[in-house]
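S.K.: Next up is a structure, given as structure tokens.
The values are calculated or read from the model by the stated rules, or taken from the named source; none is laboratory data. A quick note: this is a predicted structure, and the numbers were derived from the prediction, not measured. All Cβ positions, even for glycine, are placed from backbone atoms using ideal geometry, and neighbour counts span all protein chains on display. Side chains included, ligands, DNA and RNA excluded: accessible areas come from the protein's heavy atoms. Shrake-Rupley method; radii C 1.70, N 1.55, O 1.52, S 1.80 Å.
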Amino acid sequence: MIIQLQKNIGEITKQQIINTVASMKYKSTEVNTQRGSYLVCIGKSDFDIRNIGALEGVFDVHRVSESYKLVSRKWKVNSTVIDLGDGVQIGDGKLSLMAGPCSIESEEQVRSVIAHLVKNNIRIMRGGVYKPRSSPYAFRGMGIEGLKMFSSICKENNIKLITEVMEVSQVNEMHDYVDVFQVGARNSQNFNLLEALGKVDKPVLIKRGMSVTIDELLQSAEYIFSAGNEKLMLCERGIRTFENAYRNTFDINAIQILKDKSHLPVIADPSHGVGIRDYVSKTGLASVVAGADGVIYEVHETPEEAASDGQQTLNFEESADFIKKAMLLEGLGLNGRLVF
Ligand code: PEP
Ligand code: MN
């Protein structure tokens with residue numbers, strides 16, 4: 001059960017609600033976010049929910065039986081919109097595109113990608129400075145100095161920036177330079193990191209881990225929300241299956257199901273989802289039809305020379321073609337978002 005508290009509720013009134021809930025053998029956790037105050041109550045006994053709704057200080061009350069609560073659409077029917085400022089919004093009904101290289105490599109590279117994004121009206125650039133690589137000998141990113149450079153060029157061009165944070169100790173040092181923190185697939189269930197990101201006032205995009213179920217992804221998002229940050233987005237980026245004809249199995253079903261189960265924006269990552277450049281565009285377009293609020297993909301001037309993930313990275317021509325087709329679907333009203 002989620003009890004939404006009235007704004008400016010007094011401590012005594014709040015305690016009375018907690019006591020009433022406790023007398024019904026429910027344990028409550030208090031959650032305070034940028035947008036509201038809630039009590040998430042866990043228990044089994046049956047009772048008339050109207051008795052809670054009638055209590056002083058209660059704004060609204062909802063029964064949510066899933067293991068995730070605050071990220072569920074059961075209590076918040078309206079889709080969440082993430083506002084990055086300067087007119088950049090995600091989840092507002094329009095398709096959001098976020099593109100950039102897998103890794104930030106140099107100032108020249110950032111400038112060349114930004115020029116491509118600006119030309120194609122894309123307002124959000126991705127790029128990793130801390131890279132989780134399977135091999136310790138692979139390029140592992142430019143680190144915080146690379147992020148500072150990336151951030152200043154983005155600001156110059158009025159572009160928003162999304163980048164991966166890999167551990168708790170990086171959250172503070174990165175904070176002022178990012179618009180969206182990305183939690184990578186490998187950290188999808190790093191609960192310490194998730195909790196740390198619950199304490200910042202910056203949006204978070206959380207990716208689904210390679211062997212994480214849809215319910216587990218939602219519970220990971222719940223970790224961040226319940227720690228105080230409700231500016232969240234979910235990302236499907238493919239899971240690991242027995243199939244090895246491509247890098248990952250992009251779970252198109254997850255897009256629709258996540259949209260149904262949760263009020264959070266759902267972003268598709270077809271680059272990691274399929275892992276082969278020739279198929280990225282079609283997988284991306286399919287996810288738009290399935291209802292994704294946005295697509296995040298990898299682009300580079302010369303993918304063959306990219307420091308990481310070149311095999312799944314579009315060049316500028318392929319990227320421009322993808323953008324054109326995605327916008328065409330949008331214009332024709334073929335995006336699956338219309339049903340949510
Ligand atoms: C990335 O976005 O470059 C990345 C490492 O993604 P994932 O965590 O989905 O593998
Ligand atoms: Mn990558």
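S.K.: Roughly how many Å² of SER211 are accessible to a 1.4 Å probe, to the nearest 10?
M.R.: Near enough 110 Å² of accessible area.
S.K.: Projected onto the charge dipole of the chain (+1 at Lys/Arg Cβ, -1 at Asp/Glu Cβ, origin at the Cα centre), which of VAL339, GLY184, GLN312 gives the Cα projection farthest towards the positive end?
M.R.: VAL339
S.K.: Taking LYS14 as the anchor, which aspartates and glutamates have their alpha carbon closer than 19 Å to its alpha carbon, excluding any fewer than eight residues away along the same chain?
M.R.: Result set, ordered by chain and number: GLU30, GLU56, ASP60.
S.K.: Pull up the cross-link candidates among the lysines for LYS94, meaning alpha carbon to alpha carbon under 18 Å and not fewer than 8 places away within one chain.
M.R.: Reachable lysines: LYS160, LYS231, LYS259, LYS324, LYS325.
S.K.: Within the accessible area of the chain, what % is carbon and sulfur when the probe is 1.4 Å and the other protein chains stay in place?
M.R.: Answer for the chain: carbon and sulfur cover 50 percent of the accessible area.
S.K.: Additional query: Between segment 85-114 and segment 296-340, what is the C-alpha centre distance in whole Å?
M.R.: Cα centroid to Cα centroid, the span is 12 Å.
S.K.: Right, something else. Only Lys, Arg, Asp and Glu count, each charged at its Cβ (+1, +1, -1, -1), so figure out the dipole size of segment 236-335 about its Cα centre, rounded to 20 debye.
M.R.: My answer is approximately 420 debye.
S.K.: State, as an integer percentage, the relative contact order of the chain based on alpha-carbon contacts under 8 Å between residues 6 or more apart.
M.R.: 16 percent
S.K.: Would you be so kind as to identify which of PRO136, GLY146, ASN157 lies farthest towards the positive end of the dipole of segment 111-167, taking Lys and Arg as +1 and Asp and Glu as -1 on Cβ and the Cα centre as origin?
M.R.: The residue sitting most towards the positive pole is ASN157.
S.K.: Keeping every protein chain present and rolling a 1.4 Å probe, give me the accessible area per residue for segment 192-232 in Å².
M.R.: For segment 192-232, the per-residue accessible area is 30 Å².
S.K.: Charges only on Cβ, +1 for Lys and Arg, -1 for Asp and Glu: so what's the dipole of the chain about the Cα centre, in debye to the nearest 20?
M.R.: Roughly 860 debye, rounded to the nearest 20.
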